[in-house]
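The values are calculated or read from the model by the stated rules, or taken from the named source; none is laboratory data. The model shown is predicted, which means the values in this text are computed figures rather than measured ones. Backbone-built Cβ (ideal geometry, glycine too); neighbour counts: all protein chains shown.
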Amino acid sequence: MQPSTYMDRVRGSRPLVHHITNYVTVNDCANITICAGGSPVMADQESDATDIAAVSSCLVINMGTVNERTFASMLAAGKAANENGVPVVFDPVGAGASRYRDRVASTILSEVEVAVIKGNAGEMGVLSGVGGEVRGVDSGSASDPAASAAKLASEYGCVAAVTGQTDHVACGGRSAVLSNGHALLGSVSGTGCMVSSVVGAYTGACGASLESVSAAVTAFNVAAELSAERAGGPGTFKTGLFDALFNLDAGSIDGRSRIAMR
Amino acid sequence: MQPSTYMDRVRGSRPLVHHITNYVTVNDCANITICAGGSPVMADQESDATDIAAVSSCLVINMGTVNERTFASMLAAGKAANENGVPVVFDPVGAGASRYRDRVASTILSEVEVAVIKGNAGEMGVLSGVGGEVRGVDSGSASDPAASAAKLASEYGCVAAVTGQTDHVACGGRSAVLSNGHALLGSVSGTGCMVSSVVGAYTGACGASLESVSAAVTAFNVAAELSAERAGGPGTFKTGLFDALFNLDAGSIDGRSRIAMR
Amino acid sequence: MQPSTYMDRVRGSRPLVHHITNYVTVNDCANITICAGGSPVMADQESDATDIAAVSSCLVINMGTVNERTFASMLAAGKAANENGVPVVFDPVGAGASRYRDRVASTILSEVEVAVIKGNAGEMGVLSGVGGEVRGVDSGSASDPAASAAKLASEYGCVAAVTGQTDHVACGGRSAVLSNGHALLGSVSGTGCMVSSVVGAYTGACGASLESVSAAVTAFNVAAELSAERAGGPGTFKTGLFDALFNLDAGSIDGRSRIAMR
């Protein structure tokens, strides 16, 4: 597959990506959505969120700092998205870190039809039951990320992406192993959230598929590689990541992409 | 007019600019307020917000991620500001994007006396009834931004600023067309919110007038031009914008300013 | 004392630092925690926050944009931390700026056992009763920061740190005067909050002591000095601050540190 095909489609259609997300990394999510080619909007008052979800290209639900008020809005907006054919991307931040987060994640997955689940190895290991450890919002160890992705994809009939040093994406019995990225991603808060936003933009423009999600993750990770070449640490790396994704050209993403489809 | 006169007055008085704003771009609002010469404070618990509004130099109300709790605080703080002679700047982010936002905007405008309304062409077109389109929090097309500004300025007895590639400011039958800025502003989340914060600082130090608001918008836009000269994309552009506004000198702002008063 | 001993211990143990903090500077708090060597997590729904506080290395309570909901979570998480032997760092942002903030600060100090109180001279002067002025969230004048630190340390049996151009730390009858830092810290929003996060990482890894808190503040301030050498203004200074703290080596911190223990 050529990831640039998907990238061009995103840039050409400027999908509106509605986020109900955490207040820690929300600004980075907004900016990375723009740099990916989308248009971000954030709304979490229930009546506002349902109106906007209904007319968006994609809804990203990220439970990083969920509370009872925003949890209700996530459910309502998720259902509004479902009713209007708007795909939902779900990032179960910190699933496994507390009983509350486990309850939120399982409720969302049972009441909202998600097009994509994207999480780190620990979260996805916990969610899938394959096994994983979570410490705060960091991923701990996970027994088998590829199996977690496959199981979640099958159970929820969606695309499942488990991110880490290597990323595992699964959908409908097929899978992909993605090997781009850079160690500095682990030293910046919110890079996982940003990946979900980029996946939201690609899903909004191209639909949710093994290919579109793999292209989104790869675009982000190739941008990280390019930014790392000029970075002096996590601060300049993060600033450069926005530039690199914004400026990413077809030659760079296709030439550097390391996607193994199975 | 010499915009540097206003800039110097802001820097000389360090106005306290209270914000009740959205959680997406709030950090940028705080930092741009400092770079403009003001001192930012954010408080949205009702009793806290009214106490602080009463002693501030200006109150900025931005409804980017408004909810029922913060909506009540906006109204209470706005009234406290009114009672204490503190000018209020209102940014109706996303007006026209949902029924909830329309209700919030119209309620604020009917219950709080605003000194300045600042929005993009779509939002201000919707609010004024002149006509405009809004998609999420992006401005869509608008029929006549100058007419929107004039109508809102007249209806609410305030300064009205419609931002876009060209900015239109109106007040008391007079108007200004501002032509500074840079295309990269459209690729960074929150540049509109930041303009409102800078307007808040200028209004807090100089009062709300066609001149002070035009100077504020121009200071921001000239800083954008200067930052763009060295930027490699939206990330470095945004970082440089803070530097450029902080370092802006009288020669640069006055020499580069393109303000047509009518 | 050699501050690098503490820095190495933080990096070696990667303490989990739970924050209930404000939405203005929370992203900077998360990133500076990582750059200091810790792992940040933010959770403020009461049941989530208590579960996570109980298993964290440290809890940082920052009341910068506190509201009734998060105030209750701060109290509950603080008590959960106390019950589980997890140290609590308290940053009374804006104490003295409103009656609400005064009530929040005094309630937290009476119901939660804090290991460290860290504030600016105005806030700590107000809290201690020694005398100080607060304007919004900026520090105004304060009569005697060293006395404020000593009095709060004695009253609450904790480490008290009063930051400013010179920082005063007190604990158990001993004190330290810290003289690192840079003027640009005053032109970036949230540098005080970031110091509290770094103190949280050091406290989580090394316990709360005059030495560990002094090392944390000094690490941050030396990083500021290093970043300032290459900065063109507040934007590039802030970006570089993350790089500098992340890259800080033993020679730089120990060689540059200006800590006078008494």
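Computed quantities for the displayed model
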quantity	calculated
Conditions (1) within 13 Å of the chain's Cα centre (by Cα); (2) closer than 20 Å to A:Asn31 by Cβ; (3) away from chain B (no Cβ under 12 Å); (4) among the small types (Gly, Ala, Ser); number of the one not met by A:Ser187	(1)
Members of the stretch B:31-74 found to be in a loop (DSSP other than H, G, I, E, B), facing another protein chain (nearest Cβ under 9 Å) and in contact with a helix residue (DSSP H, G or I) (Cβ under 8 Å, 6 or more places away or on another chain), listed by number	B:Ala43, B:Asp44, B:Gln45, B:Ser56, B:Gly64, B:Val66, B:Asn67
Matching entry among B:Arg9, B:Arg101 (being crowded, with 24+ Cβ neighbours inside 10 Å, of a type in the set (D, E, K, R), more than 14 Å from chain C (Cβ to nearest Cβ) and over 19 Å from C:Thr70 (Cα atoms))	B:Arg101
Qualifying positions in the stretch A:7-30 - outside any loop (DSSP other than H, G, I, E, B) and more than 20 Å from A:Ala81 (Cα to Cα)	A:Met7, A:Asp8, A:Arg9, A:Arg11, A:Gly12, A:Val26, A:Asn27, A:Asp28
Restricting the stretch C:104-116 to residues that are assigned to a helix (DSSP H, G or I) and more than 14 Å from every other protein chain (Cβ to nearest Cβ), the residue that is surrounded by the most Cβ atoms within 10 Å (Cβ to Cβ)	C:Ile108
Answer from C:Gly136, C:Gly119, C:Gly132, C:Gly94 - the residue that is of a type outside the set (A, V, I, L, M), away from chain B (no Cβ under 13 Å) and without any contact (Cβ under 8 Å) to a residue 60 or more places away in the chain	C:Gly132
Selection count, the stretch B:128-150, where residues are within 28 Å of A:Asp51 (Cα to Cα) and surrounded by 18 or more Cβ atoms within 10 Å (Cβ to Cβ)	13
Matching option when the condition is part of a loop (DSSP other than H, G, I, E, B) and buried (at least 24 other Cβ atoms within 10 Å of the Cβ), among A:Ser196, A:Ser189	A:Ser189
Within the stretch B:142-186, tally of residues that are outside any strand (DSSP E or B), among the polar types (S, T, N, Q), at pLDDT 95 or above and farther than 30 Å from B:Gly235 by Cα	2
Cβ pairs under 9 Å, 6+ apart, first in the stretch B:25-36 and farther than 18 Å from B:Thr65 by Cβ, second basic (Lys, Arg) and crowded, with 24+ Cβ neighbours inside 10 Å	B:Asn31/C:Lys238
Subset of the stretch B:38-50 (residues that are closer than 13 Å to C:Arg99 by Cα and touching a residue at least 12 places away in the same chain (Cβ under 8 Å))	B:Ala43, B:Gln45, B:Glu46, B:Ala49, B:Thr50
Any hit, the stretch B:236-250, residues being crowded, with 24+ Cβ neighbours inside 10 Å, away from chain C (no Cβ under 14 Å) and either assigned to a loop (DSSP other than H, G, I, E, B) or in contact with a helix residue (DSSP H, G or I) (Cβ under 8 Å, 6 or more places away or on another chain) (or both)	no
Meets criteria (out of contact with any strand residue (DSSP E or B) (no Cβ under 7 Å at 6 or more places or on another chain), closer than 25 Å to A:Pro40 by Cα and surrounded by fewer than 24 Cβ atoms within 10 Å (Cβ to Cβ)) for B:Glu68	yes
Counted residues, the stretch C:199-233 - those being free of Cβ contacts under 8 Å to residues at least 60 places away in the same chain, touching a Phe, Trp or Tyr at 6+ places or on another chain (Cβ under 7 Å) and assigned to a helix (DSSP H, G or I)	2
Selection from the stretch B:12-30 of residues that are of a type in the set (A, V, I, L, M), in contact with a Cys (Cβ under 9 Å, 6 or more places away or on another chain) and at the interface with another protein chain (Cβ under 7 Å from one of its Cβ atoms)	B:Leu16, B:Val24, B:Val26
Given (1) polar (S, T, N, Q); (2) within 14 Å of chain B (Cβ to nearest Cβ); (3) in contact with a Cys (Cβ under 8 Å, 6 or more places away or on another chain), index of the condition A:Ser209 fails	(2)
Positions within the stretch C:251-262 being of a type in the set (S, T, N, Q) and in a loop (DSSP other than H, G, I, E, B), in sequence order	C:Ser257
Top-ranked residue of the stretch C:88-98 - restricted to ones that are under 10 Å from C:Met63 (Cα atoms) and among the small types (Gly, Ala, Ser), ranked as surrounded by the fewest Cβ atoms within 10 Å (Cβ to Cβ)	C:Ala95
Subset tally (residues that are among the hydrophobic types (A, V, I, L, M, F, W, C), under 17 Å from the mean Cα position of the chain (by Cα) and at pLDDT below 95) for the stretch B:122-141	1
Matching option when the condition is within 19 Å of A:Glu211 (Cα to Cα), at pLDDT 95 or above and touching a strand residue (DSSP E or B) at 6+ places or on another chain (Cβ under 8 Å), among A:Cys58, A:Cys29	A:Cys58
Failed item in (1) surrounded by fewer than 22 Cβ atoms within 10 Å (Cβ to Cβ); (2) more than 14 Å from every other protein chain (Cβ to nearest Cβ), with B:Ala161 passing the rest	(1)
Enumeration of residues in the stretch A:185-198 that are farther than 24 Å from A:Leu16 by Cβ and either without any contact (Cβ under 8 Å) to a residue 40 or more places away in the chain or touching a Ser or Thr at 6+ places or on another chain (Cβ under 8 Å) (or both)	A:Leu185, A:Gly186, A:Ser189
